[in-house]
1. Among L256, L249, L216, which is the only one that is assigned to a helix (DSSP H, G or I) and under 17 Å from K279 (Cα atoms)?
2. Could you run through the range 133-166 and say how many residues are in a helix (DSSP H, G or I) and surrounded by fewer than 17 Cβ atoms within 10 Å (Cβ to Cβ)?
3. Which condition number in (1) touching a Leu at 6+ places or on another chain (Cβ under 8 Å); (2) open to solvent by 30 Å² or more (accessible area, probe 1.4 Å) is the one that R185 fails?
4. Scanning the range 83-124 for residues that are farther than 18 Å from R63 by Cβ, open to solvent by 30 Å² or more (accessible area, probe 1.4 Å) and of a type in the set (G, A, S), which turns out farthest from the chain's Cα centre (by Cα)?
5. So the check is Cβ under 8 Å with 6+ separation or different chains; which pairs have a first residue in the range 236-264 that's in contact (Cβ under 8 Å) with a residue 24 or more places away in the chain and farther than 19 Å from R287 by Cβ and a second one that's open to solvent by 10 Å² or more (accessible area, probe 1.4 Å) and of a type in the set (K, R)?
6. Suppose we keep only residues that are assigned to a helix (DSSP H, G or I), over 14 Å from I373 (Cα atoms) and among the β-branched types (V, I, T) within the range 310-336. Which one would you say is most open to solvent (accessible area, probe 1.4 Å)?
7. Looking at the range 65-82 only, could you name the residues that are touching a residue at least 24 places away in the same chain (Cβ under 8 Å) and either surrounded by 15 or more Cβ atoms within 10 Å (Cβ to Cβ) or more than 14 Å from R104 (Cβ to Cβ) (or both)?
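The values are calculated or read from the model by the stated rules, or taken from the named source; none is laboratory data. None of the values given here were measured: they were computed from a predicted structure. Cβ atoms come from the backbone with ideal geometry, glycine included; neighbour counts cover every protein chain shown. Quick note on the areas: whole protein, heavy atoms, side chains included, nothing else; ligands and nucleic acids left out. Shrake-Rupley method; radii C 1.70, N 1.55, O 1.52, S 1.80 Å.
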Amino acid sequence: MKYPNTLDLNTYRAYMCARHLNRDKTRQLDAINLDWDLNVPEPLKVLCLKAIADNWMTVPYFRELPLCEDRQYLLDLLDLNFPLETLCARVRSDAFWKRAFHHRWRTFVPIEVGSKPWIRIYLEQHLAELVEHLKPNEYDQESVKRIVDLCSPFVRELRLERLQPSLSDNSDHVPLDAVLANLRRLQRISVTYDVKDVGHNFFLGCATITEMDVKLMTQGLERCGELTEFRLHSSKLEPTMMKRISAALGKGCPQLRTIAFPHCRCGDIGLRAFCDSIKPHSFPNIREVVLTNNFLSPESVQELTWRLRHRRIEKLDLRLNPILTEGAMLIITSVFYMPLQELNLSCCSIDEQIEEYLLMLIRFNDTIKRLDISSNRLSPAMGERLLQRVYENKTLQQLDLRNTDISYDVRAIIDEVILENRDPHSLHTW
């Protein structure tokens, strides 16, 4: 008897308790043993389904089967090594694609599965793995376009955690123009121009993003009309690159909600170049800006706040930037012009001079739910005054004051007061 793929094995084990069963050794049929029917002739229907599975490449019957149980039995029999084109065209069963995913990536656990169909999860991982392991000298645009066209109807998100560099002196990576331009339904993209393993061909600078990389990537981004989230990680960006990316996103991605450049070291000049390309009608739907660890100073913060003031920003992350107290004052002042809900100013070289602005923010702002000012040099006396203002705030749900010279006892009381503002049904964490 074939064990059904749709039945959880743990469920079977939970309900099957063999030691409490009164088993007659003389009977010929053992229902507990899944192999009891090895010597029993198989029904004609099962023989037909096995014949269809063995000849599925020539006769790809699936939707022609009238009964759902017959289709499921056929999916359990199908070989996972069939061509991907045939499987995508004929099979959409979640049980089959989940089995195929875990058979191919046994140690990989997908994130944010939720209600995603497993064919989408499989093809997104398949395309990402293909691009990550593709070498520039082996790049064939026609073959890549053929695979992208196959995955395009299902792919909504693309995560590239590494890209293979060229072995030549220019260090160009695999071009992403053909990949991005043909993913018409792409909504989220995360790219890192970096390497994860060091081989015999390693050389200094092989993980550096080049002008040609950015040019080809932006050509593809201009055709991603449904893109809502763009993240570029750990890639040293020059001002000309930032300007090109800003122009491409502002022109071709009107639905963009998230822009993130964590650990890209763009500096003040790079951020200014990005802002110079922003027009009044650019990024109308932007809600989240992440600029972690980009060597930003108070001067660039002033430019940033002026650009974001008239946009409905809900999350701003500036941690690990030496914006000093002056830059923090500019950010807190501009908060009253934006419906900001999350603000991260951790490790920004802020001192106790921020006290007046911070007290004003906690007392009068009614939109911020999460505020992180950890790892800044605040005074111990500020904790008592913050506690008084926290009692008056009914919106704040998280206030991170770790490593700020504020005593643990005061921080514990503040956390207890803020806990009353949280929704008991929400488990969202930063």
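1. On the way: L256 fails: assigned to a helix (DSSP H, G or I); L216 fails: under 17 Å from K279 (Cα atoms).
The unique qualifying residue is L249.
2. Here is the first cut: in the range 133-166, the ones in a helix (DSSP H, G or I) are 133, 136-138, 141-151.
Among the residues that remain, those that are also surrounded by fewer than 17 Cβ atoms within 10 Å (Cβ to Cβ) are: 133, 137-138, 141-143, 145-146, 149.
So the answer is 9.
3. Condition not satisfied by R185: (1).
4. S115
5. So the pair list comes out as K236/R265; L237/R265; P239/R272; R244/K215; C264/K236.
6. First, the residues of the range 310-336 that are assigned to a helix (DSSP H, G or I): 324-335.
This time we only want the ones that are over 14 Å from I373 (Cα atoms), so: 326, 330, 333-335.
Next cut, among the β-branched types (V, I, T) only: 333, 335.
Working: T333: 57, V335: 1 Å².
Per the criteria, the residue is T333.
7. Applying the first criterion (touching a residue at least 24 places away in the same chain (Cβ under 8 Å)) to the range 65-82 yields 70, 72-80, 82.
Once the filter is applied, which keeps residues that are touching a residue at least 24 places away in the same chain (Cβ under 8 Å) and either surrounded by 15 or more Cβ atoms within 10 Å (Cβ to Cβ) or more than 14 Å from R104 (Cβ to Cβ) (or both), the range 65-82 yields D70, Q72, Y73, L74, L75, D76, L77, L78, F82.
Residues are listed down the side, and each one gets a yes or a no for (1) open to solvent by 50 Å² or more (accessible area, probe 1.4 Å); (2) acidic (D, E); (3) at pLDDT 95 or above:
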{"position": "V191", "(1), (2), (3)": "no, no, yes"}
{"position": "T208", "(1), (2), (3)": "yes, no, no"}
{"position": "G225", "(1), (2), (3)": "no, no, no"}
{"position": "E229", "(1), (2), (3)": "no, yes, yes"}
{"position": "T240", "(1), (2), (3)": "yes, no, yes"}
{"position": "T258", "(1), (2), (3)": "no, no, yes"}
{"position": "P262", "(1), (2), (3)": "no, no, yes"}
{"position": "D276", "(1), (2), (3)": "yes, yes, no"}
